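I have placed the structure first, in the form of structure tokens, so that the comments after it can refer back to it.
The values are calculated or read from the model by the stated rules, or taken from the named source; none is laboratory data. Computed from a prediction, not measured in an experiment: that's the story for all the values here. Cβ placement follows ideal geometry from the backbone for every residue including glycine, while neighbour counts extend to all protein chains displayed.
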Amino acid sequence: MLQPSASTVPCVRQYRQSLLWPLRLVPPRGQEETGSALRRPWQAIGASLAPGAVNPWQAVANGFSPSGQDFHERHYHEFVTFLPFVQRFLFGEVDANGQPDAAMQVLRRQDVAAVRVVLHPEAAPITLQVQQVALYFFFDVGQVLLHVELAGAELSLPQAQELLYRLGRGYPSGWDASGRAMHSPVSMEWLDAQGDVLVASDAQARERFLTQVGEQRAPRIAADWAWLLQPLVPDGLPAADDPGHAWRFRQIEYYRMPVMAWLALDDPRALSRADFVRLGLVTGAPAQGAQLPYAEAHLADFEARYCYDRFWADEGPAPRTRYLICGHALVVVGDARSAFFTCGQHGVLAQFRHEHFLLFLIAHFQKAALLMVADRLAQALKALDVGDADSVRRFKRHIRAAFEGFLRFTHRYWFRDVAEQAQARAIFQMTSQHLGTERLYGEVKERIRDMSDYLDADSIRRQANTVVRLTVVTILGMIGTTTTGFLGMNLLDEAGSSPERRVLFFLAVATLSTLLTFYTITKSKRLSDFLDALSDERLSFWQKIGVLFGVWR
């Protein structure tokens, strides 16, 4: 790839990148995807451990410890950014035992220190520090979000653009003529604190990916991302590689992970419009020069649709910060010479890592949760066999569980506004608008309403059939009741008989009445048709007799 001379390439003095991957949790094979196990899905980590295995994930309190010793000012800023109902969702309320009951739970691992990336065959490796690797779970939602935060320094702008474009792919999109994975790094190695390789990506092993898709009809997750998520295992593994006891994860959205980036440059105003377009839409570095990735007509409204320029000022005390938001990505570009922009405790960097990250997380969690509900509805409908009573019962149970889950999601996790601060409010609304969560919510709600209406209609139909059968039995039984009960007449006078003889007659009549009633119920549909024909004045006598004989055909 051709690059302009080093003197003309803007330098990214500090670089942060956060990857966020929403995934669906799936219980071990043989277990239904309902019940108490998915109410606290973070327990799936412990349930997936092999006997004697060490759990790399540890719960974090997010600064809200009972004693308050770990609570810092940045936690306070993070807390007060959100509206009260969102605060309760993210941080919970302290219960009688002094413990927060937050709906969001976080697990973190500390064994990964850095990642070494080679972007192109002739490029030098780039080492980024791993700030954190975390899993985010939500009460009563079988979803997990993998979060990986990376940090680097002294990168060229094309390197930063390529890192944004190439990192965060769960598996390669394809391979070029030479066999290299397209749109992915040439190599990617995760390192421990001593610099030893913990795991490397196998994106270049084309046959492994082709074989699994061909045999299992499921994509193969790259080895490094699958390793980061252990002890959870990918869904769709071949039977020989699938541990039966382990919980699994399944892809919800596109294989490219949503990404956030923070770039501190010496003079961000020197970036061209093409540079901002490539950063905002995450299209990678150009082959040469500063050229637009798409046609000018397509990008005519780029600034209006994707740029939040409240602090993008030519003059004045503003920190000259531009926010680029396309839904899939949130990129913040600012001045490395501004102390406020680079401050990790009170400035833009602190906001990016904490408040803005939570805004981005909520938006993508909402979209992924809605897609999960839609997927479960489709799976339940696929498994429905209307001729199988057990299948119908399972279908009804799954649909009602989905309906209840959607109600809980609506009242616990569905927010159109999460903050009153103008900047936070705008970032969340722009992200949600580009993701289309409002439209998706309406579609899922309509699907669930259709399913619910179907269940209600089916229940009414079954009740109506029951009423028809009971009516037929009542009408036919009324003939015998009226005949035998006319003026209190008894066909057989057994009042003076012995008790044994009366009991025998009672059992005989009860048995005969029961058999006759059951037989009438089995023929009730055809008998109902006969009663309808009998009341139809347009039918002749012999036509009605024909319908009567049809009861026993």
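Taking (1) of a type outside the set (Asp, Glu); (2) in contact (Cβ under 8 Å) with a residue 12 or more places away in the chain; (3) closer than 23 Å to residue 265 by Cα in turn, residue 327 satisfies each apart from (3). Picking from residues in the stretch 256-299 that are of a type in the set (Phe, Trp, Tyr) and crowded, with 16+ Cβ neighbours inside 10 Å, the one that is nearest to the chain's Cα centre (by Cα) is 262. In summary, strands (runs of 3 or more DSSP E) completely within the stretch 300-394 and bearing 1 or more residues that are modelled with pLDDT of 90 or more, touching a strand residue (DSSP E or B) at 6+ places or on another chain (Cβ under 8 Å) and closer than 26 Å to residue 133 by Cβ occur at 321-325, 329-335. Filtering the stretch 141-166 to residues that are surrounded by fewer than 20 Cβ atoms within 10 Å (Cβ to Cβ) and acidic (Asp, Glu) leaves 149, 154. Within the bounds of the stretch 143-161, is there any residue that is closer than 30 Å to residue 366 by Cα, in the same structural domain as residue 248 (by TED's automatic domain parsing) and of a type in the set (Asp, Glu)? Within the stretch 143-161 (the criterion being closer than 30 Å to residue 366 by Cα, in the same structural domain as residue 248 (by TED's automatic domain parsing) and of a type in the set (Asp, Glu)), the answer is yes, since at least one residue qualifies.
Remark: pairs (first residue in the stretch 335-347, of a type in the set (Asp, Glu); second residue in a strand (DSSP E or B); Cβ separation under 8 Å; 6+ apart in sequence or on different chains) = 335/264; 335/265; 335/321. Taken residue by residue, the stretch 298-313 has no member that is among the small types (Gly, Ala, Ser), within 17 Å of residue 166 (Cα to Cα) and out of contact with any helix residue (DSSP H, G or I) (no Cβ under 7 Å at 6 or more places or on another chain). Looking at 426, 419, 401, just one residue is in a loop (DSSP other than H, G, I, E, B) and surrounded by 13 or more Cβ atoms within 10 Å (Cβ to Cβ), and that residue is 419. Looking for something touching a residue at least 40 places away in the same chain (Cβ under 8 Å), exposed (fewer than 15 other Cβ atoms within 10 Å of the Cβ), in a helix (DSSP H, G or I) and not assigned by TED's automatic domain parsing to the domain that holds residue 21 - is there at least one such residue anywhere in the stretch 430-442? No. Give me the residue from the stretch 200-242 that is assigned to a helix (DSSP H, G or I), in contact (Cβ under 8 Å) with a residue 12 or more places away in the chain and among the acidic types (Asp, Glu) and, out of that set, nearest to residue 254 (Cα to Cα). Checking each candidate, the answer is 224.
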